[in-house]
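Asks: This structure is in structure tokens; I'll ask about it shortly.
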Amino acid sequence: NLGHTLGHCLEAVSQFRWSHGFCVGLGILFAAYISFQKKYIASSEYEKIYMDFSFLHETLKPSQHKYFINAVRYLLHDKKRIKDEIEFIIFDRNLIVRVKSLKIREIELYWNKYCVQIIELQKRQSK
């Protein structure tokens with residue numbers, strides 16, 4: 001279920017206008033981002049995943065950014081939620097996937113940083 005936790009949030013916030021595969025792909029990118037930020041994987045491992053999936057960012061339109069940014073609030077309804085934590089699938093060394101219990105607030109903070117980076121990258125690329 002790699003990428004599915006956030007993928008389902010993206011599907012819900014877009015009112016299912018975005019495909020399951022698109023949303024799960026973005027979820028995989030975000031799992032890689034968290035894994036890199038928490039130093040579970042090396043920058044070279046993150047870059048490999050990013051290069052494989054970054055085309056998904058290019059399909060996001062500026063009018064869709066509000067969906068993208070607000071998706072994380074749907075974590076509160078996730079079936080894997082236990083109090084203020086969620087069982088989140090991330091990458092570990094050698095890109096092995098693992099289940100880690102992460103605080104929802106921590107995921108929100110990483111998501112906000114991730115969204116800012118993606119939106120800024122799109123702005124630079126559109127110039």
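The values are calculated or read from the model by the stated rules, or taken from the named source; none is laboratory data. These numbers come from a predicted model, not from an experiment. Quick reminder, even Gly has a Cβ in these numbers, built from the backbone with ideal geometry, and neighbours come from all protein chains shown. We work out accessible area using only protein heavy atoms, side chains counted, and drop any ligands, DNA or RNA first. Shrake-Rupley method; radii C 1.70, N 1.55, O 1.52, S 1.80 Å.
Asks: Considering only residues of region 101-116 that are among the charged types (D, E, K, R) and open to solvent by 60 Å² or more (accessible area, probe 1.4 Å), which is nearest to Glu47 (Cα to Cα)?
Replies: So, considering only residues that are among the charged types (D, E, K, R) and open to solvent by 60 Å² or more (accessible area, probe 1.4 Å), the one nearest to Glu47 (Cα to Cα) is Lys113.
Asks: Mind checking which residues of region 53-77 are of a type outside the set (A, V, I, L, M), under 14 Å from Phe30 (Cβ atoms) and either without any contact (Cβ under 8 Å) to a residue 40 or more places away in the chain or in a loop (DSSP other than H, G, I, E, B) (or both)?
Replies: If the condition is that a residue be of a type outside the set (A, V, I, L, M), under 14 Å from Phe30 (Cβ atoms) and either without any contact (Cβ under 8 Å) to a residue 40 or more places away in the chain or in a loop (DSSP other than H, G, I, E, B) (or both), then Phe53, Ser54 are the ones that fit.
Asks: Name the residue, out of Ile86, Ile96, Ile119, that is over 13 Å from the mean Cα position of the chain (by Cα) and open to solvent by less than 10 Å² (accessible area, probe 1.4 Å).
Replies: Ile86
Asks: For region 63-81, how many residues are of a type in the set (Gly, Ala, Ser), open to solvent by less than 70 Å² (accessible area, probe 1.4 Å) and over 13 Å from the mean Cα position of the chain (by Cα)?
Replies: Count: 0.
Asks: Could you list, in sequence order, the residues of region 6-29 that are open to solvent by less than 10 Å² (accessible area, probe 1.4 Å), within 13 Å of the chain's Cα centre (by Cα) and more than 19 Å from Asp52 (Cα to Cα)?
Replies: Once the filter is applied, which keeps residues that are open to solvent by less than 10 Å² (accessible area, probe 1.4 Å), within 13 Å of the chain's Cα centre (by Cα) and more than 19 Å from Asp52 (Cα to Cα), region 6-29 yields Cys9, Leu10.
Asks: For the condition assigned to a helix (DSSP H, G or I) and of a type in the set (A, V, I, L, M, F, W, C), what is the one hit in Phe16, Phe30?
Replies: From the options Phe16, Phe30, the qualifying one is Phe30.
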